[in-house]
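First comes the structure, then the notes that go with it.
The values are calculated or read from the model by the stated rules, or taken from the named source; none is laboratory data. Note that the structure is predicted; figures quoted are calculated from it, not measured. Every residue, glycine as well, gets a Cβ built from its backbone with ideal geometry; the counts of neighbours run over all protein chains shown.
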Ligand SMILES: [Zn+2]
Ligand SMILES: [Zn+2]
């Protein structure tokens, strides 16, 4: 069994065929899905999807791209309120994106802190998005030492950042980028991270792995990513599937209550 630990099932790309996409995933053994919030206004859609499908869980959070649109004074309470839904199992995606810098750095950092506070209050894991912001990401997390757990999603950073994340108890999630020939840093990370700290994800509808590169991504394709990582590590695919699924349940413990 595989779990797609990070996808965006409410996005318009799935408007016409979500049910079929989940069925195609199921047929390949992808049986659990974590659909990720990027703007609080999406929460109602995410929670509706999670209520419809037993094996879909969701998160609450504001993507760093959108951090500038939220009031730091009320953000924490807004997230806390939305996180009461029983199928909310994590907080995010939050973090820092200095590559695109769609929001200025200051609101990104403030938003990241508020998310960590909620995650700590509710004892939920964080889903962290970080790009070209290694030092600040680690510095913010270190302000909350021992109170933050979670996953660095769609890991595309350096081996050094991976080591820092692992040292702090975080999991590393590998996306379809690992199947791209030039993604040497991701290959290195996918080989280096201990098997008990790895997750797999699609980040669908984005970043389809080879052999679907350039098309719409969907949860079924996480199998290609898993196959690639198993081969890189020289282990059988079922061993990778079993480990990454166990890791998912160890981190997102609430999913054990309702995933069939
Ligand atoms: Zn992301
Ligand atoms: Zn995402």
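Candidates are the residues of the stretch 115-129 that are touching a residue at least 40 places away in the same chain (Cβ under 8 Å) and not in a loop (DSSP other than H, G, I, E, B); the one that is nearest to the chain's Cα centre (by Cα) is 127. Of all the numbered requirements in (1) in a helix (DSSP H, G or I); (2) under 13 Å from the mean Cα position of the chain (by Cα), residue 51 misses one, and that requirement is (2). The residues of the stretch 55-69 that are surrounded by fewer than 22 Cβ atoms within 10 Å (Cβ to Cβ) and either at pLDDT below 95 or part of a helix (DSSP H, G or I) (or both), listed by number, are 65, 66, 68, 69. Residues in the stretch 75-114 that are assigned to a strand (DSSP E or B), without any contact (Cβ under 8 Å) to a residue 40 or more places away in the chain and more than 17 Å from residue 252 (Cβ to Cβ): 97 only. Here 36, 49 are screened, and the one residue that is touching a residue at least 40 places away in the same chain (Cβ under 8 Å), within 16 Å of ligand 1 (Cβ to nearest atom) and surrounded by 15 or more Cβ atoms within 10 Å (Cβ to Cβ) is 36. Return the only residue of 73, 83 being under 19 Å from the mean Cα position of the chain (by Cα) and on the phi < 0 side of the Ramachandran plot. The match here is 83.
The residues of the stretch 151-161 that are within 15 Å of residue 200 (Cα to Cα) and either more than 15 Å from ligand 1 (Cβ to nearest atom) or buried (at least 22 other Cβ atoms within 10 Å of the Cβ) (or both), listed by number, are 151, 152, 153, 154, 155. Would you check if there is a residue in the stretch 55-69 being within 22 Å of residue 209 (Cα to Cα) and in contact with a strand residue (DSSP E or B) (Cβ under 7 Å, 6 or more places away or on another chain)? Yes, some residue in the stretch 55-69 is within 22 Å of residue 209 (Cα to Cα) and in contact with a strand residue (DSSP E or B) (Cβ under 7 Å, 6 or more places away or on another chain). Residues of the stretch 134-167 that are part of a loop (DSSP other than H, G, I, E, B), on the phi < 0 side of the Ramachandran plot and away from ligand 2 (no atom under 16 Å from the Cβ): 143, 144, 145, 147, 148, 149, 158.
One line per residue, one yes/no per condition, for (1) under 20 Å from residue 7 (Cβ atoms); (2) not in a helix (DSSP H, G or I):
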| residue | (1), (2) |
| --- | --- |
| 207 | yes, yes |
| 220 | yes, no |
| 226 | yes, no |
| 232 | no, no |
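If you check residue 6 against the conditions, is it within 12 Å of ligand 2 (Cβ to nearest atom) and assigned to a helix (DSSP H, G or I)? Spelling it out, it is not the case that residue 6 is within 12 Å of ligand 2 (Cβ to nearest atom) and assigned to a helix (DSSP H, G or I).
Within the stretch 85-118, the residues that satisfy the criterion of being farther than 19 Å from residue 73 by Cβ and within 16 Å of ligand 1 (Cβ to nearest atom) are 90, 92, 93, 95, 96, 97, 98, 99, 100, 101, 102.
In the stretch 131-140, of all residues being within 16 Å of ligand 1 (Cβ to nearest atom) and free of Cβ contacts under 8 Å to residues at least 40 places away in the same chain, the one that is surrounded by the most Cβ atoms within 10 Å (Cβ to Cβ) corresponds to 133. Here 246, 260 are screened, and the one residue that is out of contact with any helix residue (DSSP H, G or I) (no Cβ under 6 Å at 6 or more places or on another chain) and modelled with pLDDT under 95 is 260.
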